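Novice: Just passing along the structure, written as structure tokens.
The values are calculated or read from the model by the stated rules, or taken from the named source; none is laboratory data. Every value quoted in this text rests on a predicted model; they were computed, and no experiment measured them. Virtual Cβ from ideal backbone geometry, glycine too; neighbours counted across all protein chains shown. The protein model used for the area step is the full one, side chains on, heavy atoms only, and it has no ligands, DNA or RNA in it. Shrake-Rupley method; radii C 1.70, N 1.55, O 1.52, S 1.80 Å.
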Amino acid sequence: MDRKLHKPEHKLPSVGKRGGLQIIVGRKASREYILTNKEKSYFAGETGVTNTRSYEGLIVELHKFLEGWDLRLGDKPLSSWGVKSACVLPQSMTREHIVERTTETVFLADSVNLLILTYSTNYRGRAAFLPRFDIRSIWEERRPDYDVQWVAGRRILALRRSDHGERTASDDYPVWVAVACDREVEFTPEPGYRRTTYTKDAARRAMGSAEPYAPGGLEFRFEGADQFAASVTFSVAVGDELEETMDLAERGIKEEFSLYDRKMRRVSETMDRLGAASRDRDYRNALMWAASSLDGLIMNQMGRGIFAGLHWFPNYWGRDTFISLPGACLVRGEFETAKEILRTFASMQENDEKSPFLGRIPNLAMPGRVYYNTADGTWWFVRETCEYVRYSGDLEFAAEIFPAVEAAIEGALRTRVDEDGLVRHGHAETWMDAGGEEHPHSPRGDRAVEIQALWHTALRSGAALAGALGREEAAERWTEMSERTSASFERLFWDERRGRLYDRVDPDGNPDTRLRPNQILALTAPWDDLIARDRQEEVVRLVSETCVLPHGVASLAPSDPDFHPRHLDLDRYHFDEAYHNGDVWVWLTGPVVSAYVRVGMVEAAWEQTRVLRDLMYDEGAAGTLPELRNGVPPESGENVAGAVSQAWSLAEFLRNYYQDYIGLRPDLLRAALSFRPALPRELGWAKARARIGEGHVSVFCEVREDGAEGRFHLAADVGVPPLSVAFEVPVPLTADVRPGSATAR
């Protein structure tokens with residue numbers, strides 16, 4: 001992965017061009033991109049020269065520091081000429097400016113709050129670097145005053161907010177930002193605020209403008225022989241103390257290449273560990289991008305955890321984290337990281353005996369605040385604790401984490417489980433939580449279909465762990481409760497007349513017949529068949545014909561009178577009203593693909609996966625997957641919405657490859673491995689390497705284009721424990737099904 005931008009051999013298109021792992025963006029377009037340091041900071045920017053969001057810039061511990069910058073050549077800033085092209089790689093972004101063959105590379109060093117900017121140019125003469133700062137919470141609209149220091153002997157410009165002189169318990173975020181340069185520079189003060197409008201945030205009518213502070217310019221000269229490009233590097237550091245921050249900024253100058261090399265090696269190793277390849281090179285590269293982008297969201301803000309999404313969710317959400325854990329860690333063999341994440345959430349479990357949330361793990365955890373207002377995050381946590389042990393065979397960790405599993409189940413049995421063995425919850429305690437409990441836009445209390453499926457799964461997971469640890473009494477009691485839950489689920493949720501599952505049962509006992517995709521989770525979340533096979537096929541058929549659109553899975557069937565076709569139509573409704581009432585959620589493609597494969601609809605599954613493969617390259621932020629798309633695509637322009645990089649969207653994309661198309665699902669609690677490959681014909685062949693226990697298995701699958709024949713090879717190294725292997729290829733669903741045929745008004 002070359003740091004320099006390769007000069008294109010032909011005219012670049014105005015949208016993202018696929019070139020291996022490089023995503024090339026042409027002159028007439030701009031793509032967002034995101035870099036993280038895997039600790040507490042990230043940089044969000046544009047391949048163009050204009051920020052379109054208030055949330056872009058260098059962010060550390062939920063606070064923005066650097067808004068942006070410009071380079072002035074002579075009397076004219078680079079931004080006034082524009083960008084010829086840009087190249088986004090997993091570890092950096094490089095722009096090629098129109099003037100004087102000037103290139104600009106941006107990267108964020110790992111593990112430290114350090115952004116490094118390097119320019120190379122044919123220009124000779126006077127120049128100035130013009131930084132803009134905006135130190136504030138990312139959710140705050142404010143124009144603070146600043147203290148500015150120019151340390152001429154060290155060539156460092158340092159700045160802090162006047163009202164934030166030191167880090168304290170009440171102001172728990174860094175204080176100083178410092179800019180260092182690798183050549184002789186002079187600081188020329190030109191202080192002033194720059195009123196800025198952010199077009200994408202203005203369209204949301206939230207955080208649409210701000211007033212970044214421009215202290216002045218760092219002036220210098222580009223000199224040297226004409227046949228060689230001149231270069232300059234700027235290092236931007238954030239820290240608590242002035243001296244510490246200046247030292248870090250100087251480190252960025254001194255160790256620029258080693259810091260870049262370290263980041264590039266980590267990114268390369270992350271992608272290499274996938275061991276994924278197929279005849280479809282775009283799919284292979286998309287999997288590598290997904291692995292890198294998702295790995296970048298695994299942070300260390302409050303212990304190890306996963307940022308739910310950027311820009312608006314740079315914190316830990318229990319539900320999002322544990323839906324993401326299989327794709328983020330387990331299928332990639334990142335077992336140590338998975339353990340750390342499980343420990344992080346177990347340490348924040350609600351243990352107040354008087355709390356109605358007794359036993360819950362957090363819905364939202366951010367510095368200084370923890371919330372428990374979700375009914376499903378805890379059951380995803382229990383499920384993924386068990387799935388971690390199924391992959392790793394780590395009974396020592398199972399014993400360590402079991403008290404949290406036990407507290408979760410027993411807390412619910414004590415406070416929230418009814419006589420039918422079902423979990424009761426609030427209207428906004430499912431994943432469809434927009435509007436909150438006071439004004440829910442999609443009320444789903446007090447027994448939602450996927451909550452009961454997950455509760456049943458948690459009981460079975462807890463029983464499996466208890467049995468493996470010799471806790472027979474708990475295993476027997478939770479198994480009995482799961483059987484009661486299963487019987488009640490069948491009785492209360494199956495709509496015999498329409499052949500489907502109800503979306504919920506309301507507090508008065510009435511079933512909700514709205515068509516939503518949540519019932520798919522009753523097929524894919526349980527470890528066993530919660531409903532009979534023939535009923536599973538009916539559910540898949542119904543969801544396929546009503547909620548699965550050509551561009552993704554809608555949160556509400558388009559035929560529903562409350563269907564909202566656009567995420568942003570603010571003259572008619574607030575965007576939260578569309579959030580779960582029409583918006584297409586990218587993560588839902590994951591369970592839909594799993595359900596399709598389960599019933600033999602492999603080609604239909606691939607149609608949905610291919611949509612996400614193309615989305616990663618062609619729309620939205622480069623090399624990642626967004627939170628949302630519109631229920632009805634716009635006539636022109638991008639069809640993305642919500643957070644631009646969402647963890648569970650990326651994780652499900654990865655999980656589908658390993659667990660559904662390659663078909664590997666280990667269960668070391670039973671010394672078993674399920675190998676059920678379901679390769680789409682367009683892929684032709686595919687291979688993967690997956691960690692199981694202390695070893696790895698290698699898989700190769702190949703199918704003929706007509707699907708009549710296939711070859712499947714599975715090999716294990718010496719670290720894999722003895723396993724019984726269940727091999728099976730999918731049987732197609734015989735009844736006529738029209739996947740993706742739902743129409744949106």
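Novice: Would you confirm whether or not region 603-615 contains a residue that is modelled with pLDDT of 95 or more, in contact with a Cys (Cβ under 9 Å, 6 or more places away or on another chain), open to solvent by less than 10 Å² (accessible area, probe 1.4 Å) and within 30 Å of A715 (Cβ to Cβ)?
Specialist: no
Novice: Would you be able to tell me the number of residues in region 367-414 that are open to solvent by 10 Å² or more (accessible area, probe 1.4 Å) and outside any helix (DSSP H, G or I)?
Specialist: 9
Novice: Hey, can you tell me all the residues within region 313-322 that are open to solvent by less than 10 Å² (accessible area, probe 1.4 Å) and either among the aromatic types (F, W, Y) or within 10 Å of W380 (Cβ to Cβ) (or both)?
Specialist: Y316, G318, R319, T321, F322, listed by residue number.
Novice: Right, next: Of the residues G393, G411, which is touching a Leu at 6+ places or on another chain (Cβ under 6 Å), of a type in the set (G, A, S), under 19 Å from W455 (Cβ atoms) and touching a residue at least 12 places away in the same chain (Cβ under 8 Å)?
Specialist: The match here is G411.
Novice: Right, here's the next one. On the basis of being open to solvent by 10 Å² or more (accessible area, probe 1.4 Å), modelled with pLDDT of 95 or more and β-branched (V, I, T), does V593 make the cut?
Specialist: No: the conditions fail for V593.
Novice: Can I ask one more? Please determine, by comparing only the residues of region 265-290 that are under 15 Å from G623 (Cβ atoms) and among the hydrophobic types (A, V, I, L, M, F, W, C), which one is nearest to the chain's Cα centre (by Cα).
Specialist: Going through the qualifying residues, I end up with A290.
Novice: Given the criteria closer than 19 Å to R279 by Cα, modelled with pLDDT of 95 or more and of a type in the set (D, E), does D660 qualify?
Specialist: The answer is yes for D660.
Novice: For region 495-537, name all the residues that are of a type in the set (S, T, N, Q) and not in a loop (DSSP other than H, G, I, E, B).
Specialist: If the condition is that a residue be of a type in the set (S, T, N, Q) and not in a loop (DSSP other than H, G, I, E, B), then N518, Q519, T524, Q536 are the ones that fit.
Novice: Read through the list (1) basic (K, R); (2) under 33 Å from the mean Cα position of the chain (by Cα); (3) open to solvent by 20 Å² or more (accessible area, probe 1.4 Å), then give the number of the only condition that R161 fails.
Specialist: That leaves (3) as the condition not met.
Novice: Okay, moving on. Between a first residue in region 243-263 that is assigned to a helix (DSSP H, G or I) and a second residue that is of a type in the set (V, I, T) and open to solvent by 10 Å² or more (accessible area, probe 1.4 Å), which pairs have beta carbons less than 7 Å apart while being 6 or more apart in sequence or on different chains?
Specialist: From residues that are assigned to a helix (DSSP H, G or I), the pairs are M246/V151; L248/V112.
Novice: Quick one: what pairs do we get from region 545-574, first residue part of a loop (DSSP other than H, G, I, E, B), second among the acidic types (D, E) and open to solvent by less than 30 Å² (accessible area, probe 1.4 Å), C-beta under 9 Å, 6+ apart or different chains?
Specialist: S555/D583; L556/D583; H564/D583; R566/D583; H567/D583
Novice: Do you know which of the residues in region 278-307 that are farther than 18 Å from R655 by Cα and in contact with a Ser or Thr (Cβ under 6 Å, 6 or more places away or on another chain) is most open to solvent (accessible area, probe 1.4 Å)?
Specialist: Per the stated criteria, the residue is R304.
Novice: Look at G275 and say whether it is open to solvent by 10 Å² or more (accessible area, probe 1.4 Å), modelled with pLDDT under 95, in a loop (DSSP other than H, G, I, E, B) and of a type outside the set (F, W, Y).
Specialist: Yes: the conditions hold for G275.
Novice: Right, another one. Restricting attention to region 71-96, which residues are in contact with a Phe, Trp or Tyr (Cβ under 7 Å, 6 or more places away or on another chain) and part of a loop (DSSP other than H, G, I, E, B)?
Specialist: P90, Q91
Novice: Report yes if some residue within region 46-62 is assigned to a strand (DSSP E or B) and open to solvent by 20 Å² or more (accessible area, probe 1.4 Å); otherwise report no.
Specialist: no
Novice: I would also like to ask the following. Applying the selection to region 104-114, what residues are of a type in the set (S, T, Y) and open to solvent by less than 30 Å² (accessible area, probe 1.4 Å)?
Specialist: Within region 104-114, T105 is the sole residue that qualifies.
Novice: Which residues, counting only those in region 469-493, are outside any loop (DSSP other than H, G, I, E, B) and either buried (at least 21 other Cβ atoms within 10 Å of the Cβ) or in contact with a helix residue (DSSP H, G or I) (Cβ under 6 Å, 6 or more places away or on another chain) (or both)?
Specialist: Selection gives A474, A475, W478, T479, M481, S482, T485, S486, F489, F493.
Novice: Please find, within region 415-427, the residue that is nearest to W380 (Cα to Cα) out of those that are assigned to a loop (DSSP other than H, G, I, E, B) and open to solvent by less than 10 Å² (accessible area, probe 1.4 Å).
Specialist: L422
Novice: Go through region 667-706 and give me each residue that's surrounded by fewer than 17 Cβ atoms within 10 Å (Cβ to Cβ), of a type in the set (D, E) and touching a strand residue (DSSP E or B) at 6+ places or on another chain (Cβ under 7 Å).
Specialist: Once the filter is applied, which keeps residues that are surrounded by fewer than 17 Cβ atoms within 10 Å (Cβ to Cβ), of a type in the set (D, E) and touching a strand residue (DSSP E or B) at 6+ places or on another chain (Cβ under 7 Å), region 667-706 yields nothing.
Novice: Can you tell me which residue among A744, A735, A671 is among the hydrophobic types (A, V, I, L, M, F, W, C) and at pLDDT 95 or above?
Specialist: Exactly one residue qualifies, and that residue is A671.
Novice: Of the conditions (1) part of a loop (DSSP other than H, G, I, E, B); (2) touching an Asp or Glu at 6+ places or on another chain (Cβ under 7 Å); (3) under 17 Å from P730 (Cβ atoms), V597 fails just one. Which one is it?
Specialist: Status for V597: all satisfied but (1).
Novice: Give region 707-733 a look and list any residue that's open to solvent by 90 Å² or more (accessible area, probe 1.4 Å) and farther than 17 Å from G275 by Cβ, or say none.
Specialist: Scanning region 707-733 gives E709, R711, V718, P722, F727, V731.
Novice: Please pick out the residue among P721, P634, P677 that is assigned to a loop (DSSP other than H, G, I, E, B) and over 30 Å from A554 (Cα atoms).
Specialist: Answer to the check: P721.
Novice: Report yes if L310 is under 18 Å from E396 (Cβ atoms) and open to solvent by less than 10 Å² (accessible area, probe 1.4 Å), otherwise no.
Specialist: So L310 fails the test.
Novice: Going by the structure shown, is G368 over 19 Å from the mean Cα position of the chain (by Cα) and at positive phi?
Specialist: In short, yes.
Novice: Mind checking which pairs have a first residue in region 583-611 that is touching a residue at least 40 places away in the same chain (Cβ under 8 Å) and over 21 Å from A308 (Cα atoms) and a second that is crowded, with 24+ Cβ neighbours inside 10 Å and among the acidic types (D, E), Cβ under 6 Å, 6 or more apart or different chains?
Specialist: Partner pairs satisfying both residue conditions: V593/D660; S594/D660; V597/D660.
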